[in-house]
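Chemist: This is the structure I want to talk about, given as structure tokens.
The values are calculated or read from the model by the stated rules, or taken from the named source; none is laboratory data. None of these values were measured; they are calculated from a predicted model. Glycine gets a Cβ as well: all are built from the backbone with ideal geometry, and neighbour counts include every protein chain shown. When the accessible area is computed, the model is the full protein with side chains, heavy atoms only, and any ligands, DNA or RNA have been set aside. Shrake-Rupley method; radii C 1.70, N 1.55, O 1.52, S 1.80 Å.
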Protein chains: 4
Amino acid sequence: MGAVKSKRMPRAVREQQMLDAAVRTFGQRGYMAASMDEIAELAGVSKPLVYLYLNSKEDLFTACIRREAAALTAAIRVGVRTDQPADRQLWDGLLAFFTHTAQNPDGWSVLHLQARIHGEAFAGEVAAMREEIVAFVTQLIVVAAREAHRDPDLAEREVAGLAEALVGAAESLAAWANATPGVTARQAAATLMNFAWAGLGNLMEGRPWAPPAA
Amino acid sequence: MGAVKSKRMPRAVREQQMLDAAVRTFGQRGYMAASMDEIAELAGVSKPLVYLYLNSKEDLFTACIRREAAALTAAIRVGVRTDQPADRQLWDGLLAFFTHTAQNPDGWSVLHLQARIHGEAFAGEVAAMREEIVAFVTQLIVVAAREAHRDPDLAEREVAGLAEALVGAAESLAAWANATPGVTARQAAATLMNFAWAGLGNLMEGRPWAPPAA
Amino acid sequence: MGAVKSKRMPRAVREQQMLDAAVRTFGQRGYMAASMDEIAELAGVSKPLVYLYLNSKEDLFTACIRREAAALTAAIRVGVRTDQPADRQLWDGLLAFFTHTAQNPDGWSVLHLQARIHGEAFAGEVAAMREEIVAFVTQLIVVAAREAHRDPDLAEREVAGLAEALVGAAESLAAWANATPGVTARQAAATLMNFAWAGLGNLMEGRPWAPPAA
Amino acid sequence: MGAVKSKRMPRAVREQQMLDAAVRTFGQRGYMAASMDEIAELAGVSKPLVYLYLNSKEDLFTACIRREAAALTAAIRVGVRTDQPADRQLWDGLLAFFTHTAQNPDGWSVLHLQARIHGEAFAGEVAAMREEIVAFVTQLIVVAAREAHRDPDLAEREVAGLAEALVGAAESLAAWANATPGVTARQAAATLMNFAWAGLGNLMEGRPWAPPAA
DNA sequence: GATGAATGAGACTTCATTCAT
DNA sequence: TATGAATGAAGTCTCATTCAT
């Protein structure tokens with residue numbers, strides 16, 4: 001079932017096999033329900049070897065988070081060319097994001113669902129990655145405002161909230177796209193882009209929606 | 001620590017105490033890490049009584065989900081007046097949503113994070129609630145189009161995606177607002193409303209963002 | 001499911017209802033697997049009432065054994081007329097035995113299987129009944145020998161062994177008859193009578209089977 | 001109390017130790033009253049190891065039944081030589097049976113008492129063994145009839161009943177012999193042989209006992 | 001580098017039994 | 001007479017983790 005069993009592999013390779021198995025197991029079973037037994041068997045090694053290399057269940061989980069977070073941000077970075085206009089950058093980023101999460105549902109589950117839930121240590125790891133993405137989006141908004149020669153006069157917190165909403169919508173759409181047959185990464189990206197860019201545009205043109213008095 | 005210990009209470013009251021303790025524990029520890037021991041102690045009763053009334057850990061969790069889902073949808077229903085224009089309805093709904101989730105962070109955690117992760121049975125309970133909300137939002141979008149005397153010609157799936165994105169953004173913002181000191185429910189609602197309503201408006205005026213060719 | 005619920009019954013009646021429920025439950029589930037909850041529900045009363053009347057699970061079980069043992073020996077006593085020849089007495093006894101056990105399988109299960117297994121206290125209760133039956137059979141053998149004007153010169157232990165074998169065969173046949181559709185009490189009795197009486201006859205005529213040298 | 005504690009034994013050996021402990025505990029306490037804790041302690045290992053090797057209480061019990069059933073039928077097979085006349089074969093079989101059960105009272109208790117009571121799965125395991133023995137006895141009766149150049153004209157069900165009665169008597173005598181000090185296997189076998197063979201002989205000579213009209 | 005053997009701790013669950021009315 | 005409310009104790013089972021080879 002698991003990886004092909006071949007003895008005496010270099011450590012780096014073995015470790016990746018273990019992380020593959022761990023991400024898959026954590027993603028499908030959840031952190032607590034995943035057992036080290038299952039991970040070891042799926043990796044095709046004995047349990048003591050997992051402990052020898054990865055130390056403990058917590059450390060193993062942290063290693064999974066780090067690897068998956070790095071892979072996701074790398075995918076986005078590769079997809080985006082910073083010499084493009086802001087809207088194109090956002091589009092490329094969204095497309096890369098939805099494509100990567102669709103291809104690595106277990107990794108995405110680990111980042112999006114599992115890591116948030118089990119202790120601040122894990123959540124912190126993910127928060128770092130998330131902040132990197134939020135910062136990227138925030139900067140795009142600012143650049144967009146400058147390109148439009150507007151001074152949207154958006155307070156910092158407001159921008160943070162917008163970026164948060166955008167990223168949250170993306171995360172939610174990623175889950176929805178993964179769960180809804182027939183929805184491609186491209187369609188998900190288009191839906192969100194439509195939704196977001198237009199909204200941002202209006203905002204920056206100074207036509208915000210005014211809440212009624214309390 | 002737990003509720004004041006007073007013996008011999010009628011069953012209905014004890015059950016609510018147990019559900020209170022369970023929601024709090026599940027929300028903070030997660031479904032698997034929450035132990036029946038801890039829940040019982042927090043409720044101020046013995047473990048067998050929890051089993052006598054709520055049957056099993058799964059059933060207890062399901063009961064939590066049902067209660068919290070009902071409370072959330074009720075809060076939104078109470079907050080929204082259907083004789084108002086669509087934008088006002090959306091605003092009221094968002095405000096009620098963010099207010100309720102801010103006041104019941106553990107309940108929201110149970111619905112948003114825990115229930116999704118542990119088995120289709122639980123996820124199904126939440127999905128039902130979520131679909132109710134998504135349907136409400138979807139209908140608002142359609143009504144808004146009609147109010148604007150426009151035929152936005154939005155495909156059904158596109159609307160579904162928009163509603164999904166909106167709800168997802170709301171869910172994400174709720175978590176963000178809960179975790180960020182100083183962010184009020186009103187602010188979160190305003191941020192999202194600004195973001196969403198403007199975007200929807202543009203969409204319906206037929207100015208969508210056009211993705212580049214693949 | 002259980003007995004018709006009617007409040008305020010005289011104690012003797014309630015006790016019989018409880019014993020009915022207990023015999024049925026013990027017979028079908030076994031002593032340990034039977035729960036006081038199930039017995040109380042089947043009897044249509046609350047658990048504390050069972051404890052008020054019958055004291056404890058052990059006492060309840062003992063009461064079951066006593067009642068069923070008394071019923072079985074009474075059935076045999078009623079079936080046998082001591083003014084008949086020995087073979088007729090044995091036949092009548094066997095017929096009564098197989099008839100009663102067929103009509104009260106749960107009671108028979110309690111006596112035959114459950115009581116033997118759970119502690120010497122219970123086994124002792126059954127042993128008393130069993131000895132009464134063995135004594136009856138033993139006496140029949142002696143009477144038969146006298147009727148045949150023979151002195152079979154059977155040692156006491158040998159007679160005890162014979163009676164034991166006969167009773168054991170009867171018990172086994174009762175279980176077999178209960179479990180094999182289409183086997184009546186009369187057939188079971190005939191089979192055993194054929195087997196036993198002829199063997200006894202040969203024995204008493206001094207034609208034992210000779211075991212080979214060690 | 002338990003086996004001598006020596007760490008790091010090969011799995012096969014440990015499994016036998018566990019089965020030894022389990023047979024003893026199940027035989028003396030009964031299936032339900034036997035606790036895995038007690039079995040593990042008697043085996044000189046920790047409870048998790050028992051579960052690792054034997055999987056569950058049910059599986060452990062089944063393994064006990066299988067081992068003991070195999071041991072008993074093997075003992076009988078070894079004791080009987082099929083080139084002997086039927087009466088000698090029956091004698092040898094009985095002797096082997098009583099000898100084995102006397103030497104393995106706990107194993108016999110597991111087969112005779114415990115297994116029958118707890119679920120059809122277990123009873124089925126024993127029933128298979130019992131049928132093997134009943135078939136052996138049945139065949140002996142048929143062979144005996146042929147050797148006597150008689151046509152006993154015994155209906156199939158009648159023979160089945162006889163074999164059942166014989167085996168039942170043997171089972172009962174085995175329990176009796178185990179419980180009665182001073183009764184040897186040889187004596188038990190002789191008692192039953194006397195009883196049975198003579199009875200069978202008479203039967204086959206066409207002198208059955210005639211039951212009275214209903 | 002790799003593993004079969006082994007375990008302490010703790011999870012969920014059930015039961016016989018009692019208390020207070 | 002009768003019961004709804006409540007629990008201490010014990011059961012089966014799983015898991016992360018380590019030892020000795």
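Chemist: Which distances in nm, rounded to one decimal and ordered from shortest, link the label point of B:Gln84 to the equivalent label points in the other identical copies, with labels set 7 Å from Cα toward Cβ?
Modeler: Spacings between copies for this position, smallest first, are 4.0, 9.4, 9.9 nm.
Chemist: Additional query: Which distances, in nm and shortest first, link the A:Met9 label point to the same label point in every other copy, taking 7 Å along Cα→Cβ?
Modeler: Values, ascending and in nm: 3.7, 5.6, 7.1.
Chemist: Okay, moving on. Based on the Cα atoms of segment C:65-204, what semi-axes does the equivalent ellipsoid have, where each is the square root of 5 times one gyration tensor eigenvalue, given in whole Å with the largest first?
Modeler: The three semi-axes for segment C:65-204 are 25, 18, 14 Å.
Chemist: Of the accessible area of segment B:65-204, with the probe set at 1.4 angstrom, what percent is carbon plus sulfur? Each step should come with its number before you reach the end.
Modeler: Numbers: 3140 of 5740 Å².
Ligands and nucleic acids excluded, carbon and sulfur reach 55 percent.
Chemist: For segment D:60-110, which trypsin sites (Lys or Arg not before Pro) pass both filters: DSSP loop (anything but H, G, I, E, B) and at most 13 other C-beta atoms within 10 Å?
Modeler: Those satisfying the criteria are D:Arg81.
Chemist: Could you do me a favour and compute the accessible area per residue for segment A:66-204, 1.4 Å probe, result in Å²?
Modeler: 41 Å²
Chemist: If R0 is 60 Å, what FRET efficiency do you get for A:Arg77 and B:Tyr51 from their C-beta distance, rounded to 0.05?
Modeler: On the way: r = 52 Å, r/R0 = 0.87.
With R0 = 60 Å, the Cβ-Cβ based efficiency is 0.70.
Chemist: Based on the Cα atoms of segment C:1-95, what semi-axes does the equivalent ellipsoid have, where each is the square root of 5 times one gyration tensor eigenvalue, given in whole Å with the largest first?
Modeler: Those come to 33, 14, 11 Å.
Chemist: May I pose another question? In square angstrom, rounded to the nearest 10, how much accessible surface does D:Val143 have for a 1.4 Å probe?
Modeler: Its heavy atoms expose roughly 40 Å² to the probe.
Chemist: When Lys and Arg each count +1 and Asp and Glu each count -1, what net charge do the other residues less than 12 Å away from D:Arg130, Cβ to Cβ, add up to?
Modeler: -4
Chemist: For peptide B:171-177, compute the average count of partner chain beta-carbon atoms within 10 Å of each residue's beta-carbon.
Modeler: 5
Chemist: Roughly how many percent of the accessible protein surface of segment D:1-63 is carbon and sulfur, given a 1.4 Å probe and a whole-percent answer?
Modeler: Here it works out to 51 percent.
Chemist: Take the Cα atoms of segment D:53-128, build their convex hull, and give its volume per residue in Å³.
Modeler: In segment D:53-128, the Cα hull volume divided by residue count equals 94 Å³.
Chemist: Quick one: buried accessible area between A and B, total over both chains, 1.4 angstrom probe, nearest 100 Å²?
Modeler: 4100 Å²
Chemist: So which residue of A has the beta-carbon closest to the axis that swings A onto D, and how many whole Å away?
Modeler: For the rotation taking chain A to chain D, the closest Cβ gives A:Pro48, 4.
Chemist: Moving on to the next point. Determine the residues within segment D:12-60 where the difference in accessible area between the chain on its own and the full set of protein chains amounts to at least 40 Å²; count protein heavy atoms only and use a 1.4 Å probe.
Modeler: Residues of segment D:12-60 that lose at least 40 Å² of accessible area once the other chains are added: D:Met32.
Chemist: Applying a 10 Å radius around every beta-carbon, put B:49-57, B:9-17 in order of their mean neighbour count, most first.
Modeler: Order by mean packing, descending: B:49-57, B:9-17.
Chemist: Let me ask something else about it. Distances from A:Pro48 to the same position in the other copies: list them in nm, one decimal, shortest first, using label points 7 Å from Cα along Cα→Cβ.
Modeler: Inter-copy label distances (nm, one decimal, shortest first): 1.5, 4.4, 5.9.
Chemist: What figure, in Å² to the nearest 10, do you get for the accessible area of D:Trp108 with a 1.4 Å probe and non-protein molecules left out?
Modeler: D:Trp108 exposes around 20 Å² with every protein chain in place.
Chemist: What's the center-to-center distance, using Cα atoms, between segment B:38-105 and segment C:1-72 in Å?
Modeler: 44 Å
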